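Structure first, commentary second.
FYI, it's all coordinate maths here, none of it is from the lab. Nothing here was measured: the structure is a model prediction, and the numbers come from that model. Ideal geometry is used to build each Cβ from the backbone, glycine not excepted, and the neighbour counts take in all protein chains shown.
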Amino acid sequence: MAKVIEKNSIKIGKESMVILPKMNKKEYQVAWRNFEKMLKKASRLWKIKKSSLEIIREERE
Amino acid sequence: MFCIDASVIISAASPKEPYFSQSKDFLAQIREKDLKVFLPEIIIPEITSGLFRAIGDSKITYELALSFRNIPNFSFVTVDNRITNLASWIICKTGLKSADAIYVALAFDYNLELITLDKEQLEKGRKLIKVRRP
């Protein structure tokens with residue numbers, strides 16, 4: 001079971017702590033803006049009629 | 001804290017499908033509220049392969065996969081023997097398929113809410129974890 005124990009780390013069961021990446025506000029915004037920009041580009045290029053669900057089902061079957 | 005299925009990420013790039021807005025809005029919430037998300041490493045090739053077939057542009061697909069990897073809210077969890085053993089147990093309990101069960105196993109192990117569009121994960125995963133659409 002995951003449990004937040006302090007701001008930048010999470011303890012997962014008996015496993016060692018997961019240290020979360022430290023990022024300043026600017027780096028955080030840049031990472032998200034870049035991802036959202038790429039999502040928009042992909043949206044414009046979308047060329048098949050299949051839904052995301054159909055695509056994923058094909059991937060997994 | 002959440003686990004997000006690849007179907008939600010792909011639907012955020014697929015403007016004509018019914019859950020496009022919900023998926024985009026959910027990702028926006030993650031950003032705005034600085035929420036923590038754990039994802040199995042397999043989500044990277046799943047998203048890359050799915051998007052490549054949908055848009056047919058290798059450069060954009062690869063850049064998108066890298067930008068997804070760099071989101072600070074996301075921690076990518078190695079699918080090790082702990083997760084795979086749990087996935088096997090979940091398959092026997094629920095009848096889920098292998099990759100679907102890996103997401104459920106991660107959510108179960110880390111006590112996460114699974115966000116998915118997949119009907120099987122929604123119906124069969126419900127027996128073991130909190131699961132819902134975006």
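From the helices alone, meaning DSSP H stretches of at least four residues, give me the mean residue ellipticity at 222 nm for chain B, per-run term -39500 (n - 2.57), in deg cm²/dmol to the nearest 500.
On the way: 7 runs with 79 residues, N = 134.
Here the helix-only value at 222 nm equals -18000 deg cm²/dmol.
Net charge near B:ASP100, counting Lys/Arg +1 and Asp/Glu -1 over other residues with Cβ under 14 Å of its Cβ?
Values: positive: A:ARG57, A:ARG60, B:LYS93, B:LYS97, B:LYS119, B:LYS124, B:ARG126, B:LYS127; negative: A:GLU58, A:GLU59, A:GLU61, B:ASP5, B:GLU46, B:ASP118, B:GLU120, B:GLU123.
Combined, the nearby Lys, Arg, Asp and Glu give 0.
Quick check: pseudo-label points 7 Å beyond the Cα along Cα→Cβ at B:ARG82 and B:LYS16, how many nm apart are they?
Once both label points are built, they end up 4.4 nm from each other.
Would you please calculate the Kirkwood hydrodynamic radius of chain B over all C-alpha pairs and express it in Å, rounded to one decimal? Show your work: numbers first, answer last.
Working: mean 1/r = 0.0667 Å⁻¹.
Evaluated over chain B, this radius sits at 15.0 Å.
State whether the protein assembly as shown is rounded, prolate or oblate according to the following rule on the C-alpha gyration tensor (a ≥ b ≥ c being the square roots of its eigenvalues): a/c under 1.5 gives rounded; otherwise a/b larger than b/c gives prolate, and the remaining case gives oblate.
Working: a/c = 1.82, a/b = 1.14, b/c = 1.59.
Here the protein assembly as shown falls in the oblate category.
Hydropathy at least 0.0 by Kyte-Doolittle, axial extent at least 15 angstrom from the Cα trace: which helices of chain B, defined as entire DSSP H runs, fit? Don't skip to the answer; put the middle values down first.
Working: long enough: B:20-33 (20 Å, -0.87); B:43-55 (17 Å, 1.15); B:58-69 (16 Å, 0.10); B:81-94 (19 Å, 0.22); B:98-110 (18 Å, 0.93).
Membrane-span-like by this criterion, though nothing is claimed about a membrane: B:43-55, B:58-69, B:81-94, B:98-110.
Restricting to bridges with both residues inside the protein assembly as shown, how much of the DSSP beta-bridge set is antiparallel, in percent to the nearest 5?
Numbers: 7 of 18 bridges.
Once the DSSP bridges in the protein assembly as shown are tallied, antiparallel ones form about 40 percent.
Name the residue from B:SER11, B:VAL104, B:TYR62 whose Cα lies farthest towards the positive end of the charge dipole of the protein assembly as shown, charges +1 on Cβ of Lys and Arg and -1 on Cβ of Asp and Glu.
B:SER11
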